[in-house]
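Chemist: The structure's right below; bear with me while I get my questions together.
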Amino acid sequence: VTTDDTAGGAARGSARDLLRLVATGMADSRADLARLSGLSPSTVSQRVEMLIAQDLLREAGAGRSRGGRRPRQLEVPTDTGVVGAVDLGAHHARIATLDLSGQIVTVREFAVEVSEGPEPVLSKLLAHLTDLIGELPGGRTLRGIGVGVPGPVQHDLGTVVSPSRMPGWNGFDVHGFCAEQSDVPVVVDNDANLMALGEHRWAHADLEHAVYVKAGTGIGAGVISAGRLHRGAQGSAGDISHCRVSADPTTLCSCGNTGCLEAVASGAALVDALRTRGLSVTHPKDVTRLVQDGEPVATAATRGAGRAIGEVLAVVVNFFNPQAVVIGGILADCEPLLASMRASLYERCLPLATQTLTIERSSTGVNAGVLGAAQLVIDRILDAS
Ligand SMILES: [Zn+2]
């Protein structure tokens, strides 16, 4: 679906890096771009011309006077193209339109049950996206669509492979289905990968090595290595859901094994466990609400989940030595879960691995997935140029 070059930072100084410098306000002229990227003025000019030809950059008249010279100013057009981003969860989807610099224009959340199956769910989401674009002022055109799904995605094909709690989705060609219904580039990835990409680009662009954990209905992780999203050979890198934990070796997981992290510490597992204890919960957000209200059974359960997540992350941190572990998803709002996750992670890690490690909550929050999906499709548009 995309080349590996779309997976992350790539060389500083690529066309998308230049676009990003303008989009973030760090540069507004070719001279700025040459200075910041270290590229020669002629290379900058060449890439800028290409971006202008694609409507991704435009000249904005005369710039500030600098010693008598008037550099032509550059800006990212905010009134032409948009990309669509879909972040599908188990019970809801977040859909956004973003300008070509990756800034959100509109964003909305819809209730949708992923268990209804791929065709009805994706058709609904694409219809919602079409509505969102129709509501934008002044004839903006759709340039591409990024889609995140809450299950393993074979990256080169854009198909879902053996997901938990996604009946009917196994082997489904999400990329093919969406591409057939629209005539723009479509990219598909796992939701945790997109969260990692969005959070990294917008909140931690300086980090070279980081792990982003999504703790929602399921548990996943995305890995940033050497400044780029690391997908591994097939796209399953970072999938920690079926790592075995010691908390409850008897609980049967959807994968057929017992004691998986997913079966013990995911939002879905917590909902099941609390229901068994007689609490009225349907979705992971109900668990978070109970914990925030100080309900003791829910609080104890999320502490246990945090310990289990920390146990798995300790292996990840020892193995991978990231600069940061960032946690997002609805369960990240449970303070007791975060506290016990930290405690078990520190307890089991090498001092060298945790010496400068930061562990924090996602700062792009619920928008991490759509920001990442947009980033991926913008990269794709730029790479196709
Ligand atoms: Zn499992």
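Each reported figure results from applying straightforward, stated rules to the coordinates on display, with no laboratory input. Keep in mind it's a predicted model, so treat the numbers as computed, not measured. Reconstructed Cβ throughout: ideal geometry from the backbone, glycine too, with neighbour counts over all protein chains shown.
Chemist: Run the numbers on the chain and let me know its relative contact order in percent, using alpha-carbon pairs under 8 Å that are six or more apart.
Modeler: So the answer I get is 17 percent.
Chemist: Can you pull the one-decimal nm distance between simple spin-label points at Asp248 and Glu75, each 7 Å off the Cα toward Cβ?
Modeler: 5.6
Chemist: Let me ask something else. Using 1/(1 + (r/R0)^6) with R0 = 35 angstrom and r between the beta carbons of Asn170 and Met50, what's the FRET efficiency to the nearest 0.05?
Modeler: In this case the efficiency is close to 0.30.
Chemist: Which value, in debye to the nearest 20, describes the size of the charge dipole of the chain about its Cα centre when Lys and Arg Cβ atoms bear +1, Asp and Glu Cβ atoms bear -1, and nothing else is charged?
Modeler: 1040
Chemist: Within a Cβ distance under 10 Å of Leu345, other residues only, what is the Lys/Arg minus Asp/Glu net charge?
Modeler: After counting each charged neighbour, the total is +1.
Chemist: Arrange the peptides 152-163, 106-117 so that the one whose residues have, on average, the most other Cβ atoms within 10 Å appears first.
Modeler: Ranking the peptides 152-163, 106-117 by packing returns 152-163, 106-117.
Chemist: Kindly provide the helix-only [θ] at 222 nm of the chain, computed as the sum of -39,500 (n - 2.57) over DSSP H runs of four or more divided by all residues, to the nearest 500 deg cm²/dmol?
Modeler: For the chain, the value works out to -12000 deg cm²/dmol.
Chemist: Kindly point out which whole DSSP H helices in the chain project their C-alpha atoms 27 angstrom or further along the helix axis while averaging a Kyte-Doolittle hydropathy of 0.0 or above.
Modeler: 296-320
Chemist: Among Gly222, Val184, Pro296, which residue has its Cα positioned farthest towards the positive end of the charge dipole of the chain, with +1 placed on the Cβ of Lys and Arg, -1 on the Cβ of Asp and Glu, and the dipole taken about the Cα centre?
Modeler: Farthest towards the positive end: Gly222.
Chemist: Ok, one more. Between Ala339 and Thr356, what is the label-point separation in nm under the 7 Å Cα-to-beta-carbon projection?
Modeler: In this crude label model, Thr356 to Ala339 measures out at 3.0 nm.
Chemist: Would you mind telling me which residue in Asp87, Asp189, Asp206 has the biggest mean-square fluctuation in a Gaussian network model of the chain, where springs connect alpha carbons within a distance under 10 angstrom?
Modeler: In the Gaussian network model the winner is Asp206.
Chemist: Same structure, new question: Treating only the Cβ atoms of Lys and Arg (+1) and Asp and Glu (-1) as charged, compute the dipole magnitude of the stretch 99-148 about its Cα centre; round to the nearest 20 debye.
Modeler: Charge dipole, the stretch 99-148, about its Cα centre: 240 debye, nearest 20.
Chemist: Give a quick list of trypsin sites (Lys or Arg not before Pro) in the stretch 337-385 that DSSP marks as loop, anything other than H, G, I, E or B, with at most 11 other Cβ atoms within 10 Å.
Modeler: Passing sites in the stretch 337-385 do not exist.
Chemist: Compute the distance from the alpha-carbon center of the stretch 206-268 to that of the stretch 308-385, in whole Å.
Modeler: What the calculation gives is 11 Å, centre to centre.
Chemist: Compute the FRET efficiency between Ala384 and Ser280 as 1/(1 + (r/R0)^6), taking r as their Cβ-Cβ distance and R0 = 35 Å, and round to the nearest 0.05.
Modeler: 0.10
Chemist: Give the residue from Leu88, Ala305, Cys349 lying farthest towards the positive end of the charge dipole for the chain; charges sit on Cβ (+1 for Lys and Arg, -1 for Asp and Glu) and the dipole is referred to the Cα centre.
Modeler: Cys349
Chemist: Using the basic label-point model (7 angstrom from Cα toward the beta carbon), what is the Ser40 to Phe319 distance in nanometres?
Modeler: Roughly 4.5 nm, to one decimal.
Chemist: Here's another thing I want to ask about it. Within the stretch 196-233, list the residues whose amide N lies under 19 Å from a label point set 7 Å along Cα→Cβ of Met26.
Modeler: Once the point is set 7 Å along Cα→Cβ of Met26, 197-210, 224-229 turn out to lie under 19 Å by backbone N, inside the stretch 196-233.
Chemist: Another question, then. Can you give me the Rg/Rh ratio for the stretch 237-385, using Cα atoms for both radii and the Kirkwood formula for Rh?
Modeler: 1.02
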